[in-house]
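Working notes, structure below.
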Amino acid sequence: MSKALLVEYIPFKPIGPVNEQMGKQYGIPGGLVVQGVLQRAGAKNQNGRVYPKNILDREAKKYQKEYIDQNRALGELDHPESSVVNLNNVSHNVLKMWWNGDDLMGAVQILETPAGKILKSLFESGITLGISSRGLGSVKELYKESAVEVQEDFELICFDFVSNPSTHGAFLRPMNESVTSKTKNYKKVNEIITSILCDSGKCRILPWNLKKY
């Protein structure tokens, strides 16, 4: 079976208040660190996939050794259609992972990069975000469960923060949905992004945001 790019979404609800005190626990004076669920084993997710715990645990240990321990467990703000982490869009760094039952938990440092500043503002404004794993692997049909199971060849690439579980890049493009709550959330996200980009002289990147709502 050929490998495909597998991306998954989990709503990310930070454990505890979003402030910069958490960073001190990880030796990051003044740095913003958030904690929450990164992935879930043994349960069908929103994409209809099931990750066996032994496979996810194997990849978590590998990720710990090859990325976290080397201080390079970087992720992006929103998913790219790529198996490579783009340094131009890096927003955060995973500091630690651990298991809580079938939930793979993590502590994530928000970086002072352009994308990281946007991510920080979103968290501080109470915007609902998701954490999304990115990996390569194949799947097998589980007909009785109406799901697919991730196979042994799975390789974890990184964890990205996303705004929408089904549309990659949703908050970087105009949204056409008419659902009021989602529209308000989207406008708030865009206002934050526009403010940060305008401060850096890059308003032209998001021209549709320059009008007032």
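Data overview
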item: Check on Val108, in contact with a His (Cβ under 7 Å, 6 or more places away or on another chain) and in the same structural domain as Val50 (by TED's automatic domain parsing); result: yes
item: Members of the range 70-85 found to be touching a strand residue (DSSP E or B) at 6+ places or on another chain (Cβ under 6 Å) and either more than 16 Å from Ser133 (Cα to Cα) or modelled with pLDDT of 90 or more (or both), listed by number; result: Ala73, Leu74, Gly75, Glu76, Leu77, Val85
item: Qualifying residue in the range 96-119 (condition: farther than 17 Å from Arg40 by Cβ and at pLDDT below 85); result: no
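The rows are residues; the columns are (1) without any contact (Cβ under 8 Å) to a residue 12 or more places away in the chain; (2) touching a Cys at 6+ places or on another chain (Cβ under 6 Å); (3) closer than 16 Å to Val7 by Cβ; (4) buried (at least 21 other Cβ atoms within 10 Å of the Cβ).
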{"position": "Leu56", "(1), (2), (3), (4)": "no, no, yes, yes"}
{"position": "Lys65", "(1), (2), (3), (4)": "yes, no, no, no"}
{"position": "Gln70", "(1), (2), (3), (4)": "yes, no, no, no"}
{"position": "Leu87", "(1), (2), (3), (4)": "no, no, no, no"}
{"position": "Val90", "(1), (2), (3), (4)": "no, no, no, no"}
{"position": "Met97", "(1), (2), (3), (4)": "no, no, no, no"}
{"position": "Gly101", "(1), (2), (3), (4)": "yes, no, no, no"}
{"position": "Leu104", "(1), (2), (3), (4)": "no, no, yes, yes"}
{"position": "Val108", "(1), (2), (3), (4)": "no, no, no, yes"}
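The values are calculated or read from the model by the stated rules, or taken from the named source; none is laboratory data. Given the structure is predicted, the values throughout are model-derived calculations rather than measurements. We place every Cβ from the backbone using ideal geometry, glycine too, and count neighbours over all the protein chains shown.
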